[in-house]
2 protein chains.
Amino acid sequence: MVSKTDPDDIAKSPTGDAYLLTPGPLTTSETVKQAMLHDYGSRDGSFVNLTRDVCAQLLDIADARESCDCVPIQGSGTFAVEAMLATMFSQKGKLLNLVNGAYGHRITEICEYLGRECVVLEFAEDVPVDVEKLEQALIDDESISHVSVIYCETSSGILNPLEKIAEAVNRYGRALLIDAMSSFGALPLSTRNIPFTALAASSNKCLQGVPGMGFCIVKKEALQSSAGNAHSLSLDLHKQAEAMSKNGQWRFTPPVHCLLALAQALTELDEEGGIVTREQRYRSNCQILRDGMRELGFRPLLPDELQAPIIVTFHIPENPGFEFQQFYDRLSARGYVIYPGKITNADTFRIGCIGDLGSNEMHGALLAIKATLKDMGIENL
Amino acid sequence: MVSKTDPDDIAKSPTGDAYLLTPGPLTTSETVKQAMLHDYGSRDGSFVNLTRDVCAQLLDIADARESCDCVPIQGSGTFAVEAMLATMFSQKGKLLNLVNGAYGHRITEICEYLGRECVVLEFAEDVPVDVEKLEQALIDDESISHVSVIYCETSSGILNPLEKIAEAVNRYGRALLIDAMSSFGALPLSTRNIPFTALAASSNKCLQGVPGMGFCIVKKEALQSSAGNAHSLSLDLHKQAEAMSKNGQWRFTPPVHCLLALAQALTELDEEGGIVTREQRYRSNCQILRDGMRELGFRPLLPDELQAPIIVTFHIPENPGFEFQQFYDRLSARGYVIYPGKITNADTFRIGCIGDLGSNEMHGALLAIKATLKDMGIENL
């Protein structure tokens, strides 16, 4: 990571690219990218071993090696979420989908494609899931078989109380499906205290690999009884797991280079000290960002206690001189790529805290933002 | 490409890896892999432009820029084939699936998942599609709306007579869906002489990129009228195209590094002289391989005139000393990874001719095969 103190410098990562302060694709280490400089035969023993090792490491992150299987799946995180829903939750089931943002709504949309019954318990975009209301919904409707939740809702950056949600869902004897896309690898998610049936996450995001594959961590008995549920050959987790258990191979051509990058990224996660240390770095990044942005006059959407250390949503300033696209473009030119808003109720933009970034890059970004405001002729927000 | 004349040498590509004589993932150039040493924001203008340029180049390969759209899709080639079938062929349609190998059967399997009507016209694995029988099937069943075919059936390496098939399907007023996975970028496929409704292919294979994404090239009017057909959010080509036409962005996180590699691979295809020159190189690779293997006593499954210059299937020799796994492992140790058989009727194995390989590598492979047979104590097959 490169230090940057002069606000008029243009920041560049070691590979000459802008830093990505986004929820992913994000800035990965040079060594993660260099791991992709090889070609492997996907049915060769060396690649079979690599897949097996990566899956074992992913299971270990959730303390799930005993009770779960890890099933990788080609495509983006949404492909993994769709595969999880399609395979683990059948036509006979009924899903209670906990929603407080765009990724929650996406689960409802997937269920519409699947033609599966889905009821929504919705909260405002800046309000975490209310566990009492969840419990009441489970009491009121005994036909609900599954509950889905987004651990960290990337559309706002809000953290949902996963441990309490999982405890309640388990107490009422339902199956929990977790979208852990923006949290897996940085926020605690262990089978020891969080009972779940399946979770979906991706190579990208907090694991700091490159995008191109997702994976599901699934309770063994649930996976075994899921034959015939999936709507799609490509997204059939049961078939994927069945084929892998036979010969260790992916059914269809895997994203070989993405897996090579993920293997290196998992080594680097380990070297960093595991997910506890990674969470600390992200928390520190997030604090530097929130403090610095507040000092510049920006207002975060969420209070500190609801903020996951993944991505921070800020209100678009009311200053008439502030035009977001201009701000974005000027900041990009200074070497920091941020993210537009995703929630509709408030006019916002987002800045990510994850990836191969530390305090130098966060301070660098704040200096660049300060300089960008000056370029735009804005003295005070 | 590295020359290799001493059969006792262990061959290594410039990156130190074994050469992949497989149908993909295959050996890519160093520069294609080096193109992945960057991180891009997937919603940033530079990546939007990259996606647009790659799609335009893919359309140009099929002379399709006027009449078609190119819709990229995350995942392996099978994901693209499933997306094509799901989006372009609705519940109201009826598919005539032309089958002479495993990839043809895979289309039938996808239709079973989709719950869509599919009738199969099957030929033996070493027999190309018979156009007269196709015509008769179209005459006999007016309810057939679509026809699907595998251009080069990778399970045997057989070439199907695509131009004649397309002409017949068009003459009888049906829509043609082409699995061009192992052919696009090397075998002729132009809208000028091959009328089709959609084709599916991938970044990998003859384009010599890395695996991780597919794409469909689809007639504009067919794409426009395909809303609501798809069974899957992730694999909905219509939605993907609609979103891209609005802001140039992929709906869900794209495999950024895979697209960077594909952009470089397309530049290198152009530098090589385009698909005509690439086909010539593959034909030369194929001829060297077939001649050399015959000289060693191996028998190709297909006669020369049915052989696509992509992958060659050989019968497992009857010599009792020849055990395939041992042959494979010893040859891998010498730096050449080949491929097991995929067709069930004959006991076979396969060797690919595609990727960043030329006559040096094919001759090197033959020397290594000769030495491997000697290691196995086989004097004469």
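The values are calculated or read from the model by the stated rules, or taken from the named source; none is laboratory data. Just so we're clear, the structure is a prediction, and the values are computed from it rather than from any experiment. All Cβ positions, glycine included, derive from the backbone under ideal geometry; neighbour counts span all protein chains shown. These area figures cover heavy atoms from the full protein model, side chains too; ligands, DNA and RNA do not enter into them. Shrake-Rupley method; radii C 1.70, N 1.55, O 1.52, S 1.80 Å.
Scanning the range A:21-43 for residues that are hydroxyl-bearing (Ser, Thr, Tyr) and more than 8 Å from chain B (Cβ to nearest Cβ), which turns out most open to solvent (accessible area, probe 1.4 Å)?
The initial filter retains those residues of the range A:21-43 that are hydroxyl-bearing (Ser, Thr, Tyr), namely A:22, A:27-29, A:31, A:40, A:42.
Of the ones still in play, those that are also more than 8 Å from chain B (Cβ to nearest Cβ) are A:29, A:31.
On the way: A:SER29: 12, A:THR31: 65 Å².
The residue in question is A:THR31.
On the basis of being out of contact with any Asp or Glu (no Cβ under 6 Å at 6 or more places or on another chain) and modelled with pLDDT under 95, does B:ASP60 make the cut?
no
Return the residue satisfying two criteria in turn: it lies in the range B:208-222 and is buried (at least 24 other Cβ atoms within 10 Å of the Cβ) and among the hydrophobic types (A, V, I, L, M, F, W, C), and of such residues it is nearest to the other protein chains (Cβ to nearest Cβ).
Once the filter is applied, the top-ranked residue is B:VAL210.
Can you find, within the range B:258-293, the residue that is surrounded by the fewest Cβ atoms within 10 Å (Cβ to Cβ) among those that are in contact with a His (Cβ under 9 Å, 6 or more places away or on another chain) and under 30 Å from A:PRO340 (Cα atoms)?
The selected residue is B:LEU260.
Out of the range A:164-207, which residues are within 14 Å of chain B (Cβ to nearest Cβ), out of contact with any strand residue (DSSP E or B) (no Cβ under 7 Å at 6 or more places or on another chain) and charged (D, E, K, R)?
Of everything in the range A:164-207, just one residue is within 14 Å of chain B (Cβ to nearest Cβ), out of contact with any strand residue (DSSP E or B) (no Cβ under 7 Å at 6 or more places or on another chain) and charged (D, E, K, R), namely A:LYS205.
Considering only the range A:44-86, state which residues are more than 12 Å from chain B (Cβ to nearest Cβ), in contact with a helix residue (DSSP H, G or I) (Cβ under 6 Å, 6 or more places away or on another chain) and not hydrophobic (A, V, I, L, M, F, W, C).
A:GLN57, A:ARG65, A:ASP69
For the range B:223-252, enumerate the residues that are away from every other protein chain (no Cβ under 11 Å), among the hydrophobic types (A, V, I, L, M, F, W, C) and in contact with a Lys or Arg (Cβ under 9 Å, 6 or more places away or on another chain).
Across the range B:223-252, the qualifying residues are B:ALA227, B:ALA243, B:MET244.
Please determine, by comparing only the residues of the range B:105-119 that are under 19 Å from B:ASP130 (Cα atoms) and free of Cβ contacts under 8 Å to residues at least 60 places away in the same chain, which one is farthest from the other protein chains (Cβ to nearest Cβ).
Top of the filtered list is B:VAL119.
Do any residues in the range B:271-284 that are in contact (Cβ under 8 Å) with a residue 24 or more places away in the chain have Cβ atoms under 6 Å from those of residues that are in a helix (DSSP H, G or I), where the two are at least six apart or on different chains, and which pairs are they?
B:ARG278/B:GLU272
Within the range A:241-257, can you find the residues that are open to solvent by less than 10 Å² (accessible area, probe 1.4 Å) and in contact with a strand residue (DSSP E or B) (Cβ under 6 Å, 6 or more places away or on another chain)?
A:PRO255
Yes/no matrix, rows are residues, columns are (1) outside the structural domain of A:GLY101 (by TED's automatic domain parsing); (2) surrounded by 21 or more Cβ atoms within 10 Å (Cβ to Cβ); (3) at positive phi; (4) in contact with a strand residue (DSSP E or B) (Cβ under 6 Å, 6 or more places away or on another chain):
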residue	(1), (2), (3), (4)
A:GLN307	yes, yes, no, no
A:PRO320	yes, no, no, no
A:SER332	yes, no, no, no
A:GLY341	yes, no, no, yes
A:ASP347	yes, no, no, no
A:ARG350	yes, yes, no, yes
A:ASP356	yes, yes, no, no
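Checking B:TYR328 against (1) in contact with a strand residue (DSSP E or B) (Cβ under 8 Å, 6 or more places away or on another chain); (2) touching a residue at least 24 places away in the same chain (Cβ under 8 Å); (3) in a helix (DSSP H, G or I); (4) not acidic (Asp, Glu): exactly one of these is not met. Which one?
Evaluating B:TYR328 over (1) in contact with a strand residue (DSSP E or B) (Cβ under 8 Å, 6 or more places away or on another chain); (2) touching a residue at least 24 places away in the same chain (Cβ under 8 Å); (3) in a helix (DSSP H, G or I); (4) not acidic (Asp, Glu) leaves (2) as the failure.
Would you check which residues across the range B:209-235 are in a loop (DSSP other than H, G, I, E, B) and under 11 Å from B:MET88 (Cβ atoms) and list them? Break it down into steps so the answer makes sense when it comes.
Here is the first cut: in the range B:209-235, the residues in a loop (DSSP other than H, G, I, E, B) are B:209-212, B:225-235.
Selection gives B:SER225, B:SER226, B:ASN229, B:ALA230.
Restricting to the range B:291-322, name every residue that is among the charged types (D, E, K, R) and outside any loop (DSSP other than H, G, I, E, B).
If the condition is that a residue be among the charged types (D, E, K, R) and outside any loop (DSSP other than H, G, I, E, B), then B:ASP291, B:ARG294, B:GLU295, B:ASP304, B:GLU305 are the ones that fit.
Evaluate the range B:286-298: report whether one residue or more is over 30 Å from B:MET376 (Cβ atoms) and under 19 Å from the mean Cα position of the chain (by Cα).
no
When you check B:ILE310 against the structure, is it of a type outside the set (S, T, N, Q) and within 14 Å of another protein chain (Cβ to nearest Cβ), yes or no?
Spelling it out, it is not the case that B:ILE310 is of a type outside the set (S, T, N, Q) and within 14 Å of another protein chain (Cβ to nearest Cβ).
Looking at (1) closer than 23 Å to A:CYS258 by Cα; (2) open to solvent by less than 50 Å² (accessible area, probe 1.4 Å); (3) out of contact with any strand residue (DSSP E or B) (no Cβ under 6 Å at 6 or more places or on another chain); (4) touching a residue at least 60 places away in the same chain (Cβ under 8 Å), which is the one condition that is false for A:ALA56?
Of the numbered conditions (1) closer than 23 Å to A:CYS258 by Cα; (2) open to solvent by less than 50 Å² (accessible area, probe 1.4 Å); (3) out of contact with any strand residue (DSSP E or B) (no Cβ under 6 Å at 6 or more places or on another chain); (4) touching a residue at least 60 places away in the same chain (Cβ under 8 Å), the odd one out for A:ALA56 is (4).
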